[in-house]
Amino acid sequence: MGGALVALIALGAHAQGGGAVASTPAASAATDASATRAADRQLQKTVRRALAHTKGLAASGIAVRARAGVVTLQGWVPDGSQLQLAQHVAQGVPGVKSVNNQLTVRPVGQ
(Lines give C-alpha, C1' and ligand atoms only; values in the text may rest on other atoms or scores of the structure.)
Protein backbone atom coordinates (compact mmCIF):
# COMPACT_ATOMS: atom_id res chain seq x y z
CA MET A 1 0.00 0.00 0.00
CA GLY A 2 2.85 2.39 0.82
CA GLY A 3 4.31 1.94 -2.69
CA ALA A 4 0.96 2.76 -4.32
CA LEU A 5 0.69 5.96 -2.29
CA VAL A 6 4.17 7.07 -3.37
CA ALA A 7 3.28 6.34 -7.01
CA LEU A 8 0.07 8.43 -6.77
CA ILE A 9 1.94 11.34 -5.22
CA ALA A 10 4.59 11.15 -7.93
CA LEU A 11 1.94 11.09 -10.68
CA GLY A 12 0.14 14.05 -9.14
CA ALA A 13 3.35 16.09 -9.02
CA HIS A 14 4.10 15.20 -12.62
CA ALA A 15 0.60 16.22 -13.76
CA GLN A 16 0.89 19.58 -12.01
CA GLY A 17 4.27 20.28 -13.59
CA GLY A 18 2.89 19.59 -17.07
CA GLY A 19 0.29 22.35 -16.72
CA ALA A 20 2.96 24.99 -16.15
CA VAL A 21 4.60 24.19 -19.47
CA ALA A 22 1.31 24.66 -21.34
CA SER A 23 0.82 28.19 -19.97
CA THR A 24 4.28 29.38 -20.99
CA PRO A 25 3.29 30.51 -24.54
CA ALA A 26 0.46 32.63 -23.13
CA ALA A 27 2.78 34.22 -20.59
CA SER A 28 5.31 34.83 -23.34
CA ALA A 29 2.67 36.46 -25.57
CA ALA A 30 1.64 38.78 -22.71
CA THR A 31 5.28 39.72 -22.15
CA ASP A 32 5.76 40.36 -25.88
CA ALA A 33 2.65 42.58 -26.03
CA SER A 34 3.82 44.51 -22.98
CA ALA A 35 7.27 45.00 -24.49
CA THR A 36 5.73 46.19 -27.76
CA ARG A 37 3.55 48.74 -25.96
CA ALA A 38 6.57 49.98 -24.01
CA ALA A 39 8.59 50.32 -27.22
CA ASP A 40 5.72 52.25 -28.85
CA ARG A 41 5.52 54.62 -25.88
CA GLN A 42 9.27 55.16 -25.95
CA LEU A 43 9.22 55.86 -29.70
CA GLN A 44 6.38 58.39 -29.21
CA LYS A 45 8.40 60.19 -26.55
CA THR A 46 11.53 60.23 -28.70
CA VAL A 47 9.68 61.62 -31.73
CA ARG A 48 7.90 64.24 -29.56
CA ARG A 49 11.23 65.30 -28.10
CA ALA A 50 12.82 65.56 -31.56
CA LEU A 51 9.92 67.69 -32.82
CA ALA A 52 10.01 69.94 -29.76
CA HIS A 53 13.75 70.57 -30.18
CA THR A 54 13.56 71.38 -33.89
CA LYS A 55 14.20 75.04 -34.65
CA GLY A 56 11.56 76.60 -36.85
CA LEU A 57 8.89 74.05 -35.91
CA ALA A 58 5.93 74.96 -33.72
CA ALA A 59 5.34 71.51 -32.24
CA SER A 60 2.78 72.46 -29.58
CA GLY A 61 -0.13 71.56 -31.88
CA ILE A 62 1.30 68.17 -32.90
CA ALA A 63 0.20 64.87 -31.34
CA VAL A 64 2.38 61.80 -31.92
CA ARG A 65 1.27 58.17 -31.94
CA ALA A 66 3.41 55.13 -32.63
CA ARG A 67 2.53 51.53 -33.34
CA ALA A 68 5.11 48.96 -34.38
CA GLY A 69 7.41 51.63 -35.79
CA VAL A 70 4.70 53.48 -37.74
CA VAL A 71 4.41 57.04 -36.45
CA THR A 72 1.27 59.12 -36.97
CA LEU A 73 1.42 62.89 -36.68
CA GLN A 74 -1.92 64.58 -35.99
CA GLY A 75 -2.87 68.16 -35.24
CA TRP A 76 -1.80 71.40 -36.82
CA VAL A 77 1.15 73.61 -37.70
CA PRO A 78 1.05 77.35 -38.51
CA ASP A 79 2.35 77.10 -42.10
CA GLY A 80 2.86 74.62 -44.91
CA SER A 81 6.66 74.46 -44.67
CA GLN A 82 6.30 72.97 -41.20
CA LEU A 83 4.25 70.03 -42.55
CA GLN A 84 7.28 68.70 -44.42
CA LEU A 85 9.69 69.66 -41.64
CA ALA A 86 7.72 67.68 -39.04
CA GLN A 87 7.58 64.64 -41.30
CA HIS A 88 11.30 64.87 -42.09
CA VAL A 89 12.23 65.12 -38.40
CA ALA A 90 10.00 62.17 -37.45
CA GLN A 91 11.45 60.01 -40.25
CA GLY A 92 14.94 60.72 -38.93
CA VAL A 93 14.26 59.23 -35.49
CA PRO A 94 15.81 55.76 -35.05
CA GLY A 95 13.13 53.07 -34.94
CA VAL A 96 10.66 54.91 -37.17
CA LYS A 97 9.68 52.71 -40.12
CA SER A 98 7.23 55.14 -41.72
CA VAL A 99 5.35 58.35 -40.99
CA ASN A 100 1.64 58.93 -41.54
CA ASN A 101 1.43 62.72 -41.68
CA GLN A 102 -2.12 63.89 -40.89
CA LEU A 103 -1.12 67.42 -39.93
CA THR A 104 -3.10 70.38 -41.21
CA VAL A 105 -2.14 74.02 -41.64
CA ARG A 106 -3.83 76.40 -39.23
CA PRO A 107 -2.38 79.91 -39.31
CA VAL A 108 -1.71 81.52 -35.95
CA GLY A 109 -4.80 83.25 -34.55
CA GLN A 110 -7.32 80.96 -36.19
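The values are calculated or read from the model by the stated rules, or taken from the named source; none is laboratory data. Predicted model, so just to flag it, every value in this text is computed and none were measured. Here the Cβ positions follow ideal geometry from the backbone for every residue, glycine too, while neighbour counts run over all protein chains shown.
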Return only the number of the condition from (1) among the β-branched types (V, I, T); (2) part of a helix (DSSP H, G or I); (3) modelled with pLDDT of 75 or more that I9 does not satisfy. (3)
If a residue must be under 22 Å from R37 (Cβ atoms) and in a strand (DSSP E or B), how many such residues does the stretch 68-101 contain? 8
Got a number for residues in the stretch 35-55 being crowded, with 18+ Cβ neighbours inside 10 Å, within 15 Å of L85 (Cβ to Cβ) and either within 8 Å of the chain's Cα centre (by Cα) or among the β-branched types (V, I, T) (or both)? 1
State which residue pairs qualify: first residue of a type in the set (G, A, S) and inside the stretch 37-54, second residue surrounded by fewer than 17 Cβ atoms within 10 Å (Cβ to Cβ) in any location, beta carbons under 9 Å apart, and separation of 6 or more residues or different chains. A39/A68; A39/G69; A39/G95; A50/G92; A52/S60
Restricted to the stretch 79-107, and to residues that are more than 13 Å from V47 (Cα to Cα) and in contact (Cβ under 8 Å) with a residue 40 or more places away in the chain, which residue is farthest from the chain's Cα centre (by Cα)? R106
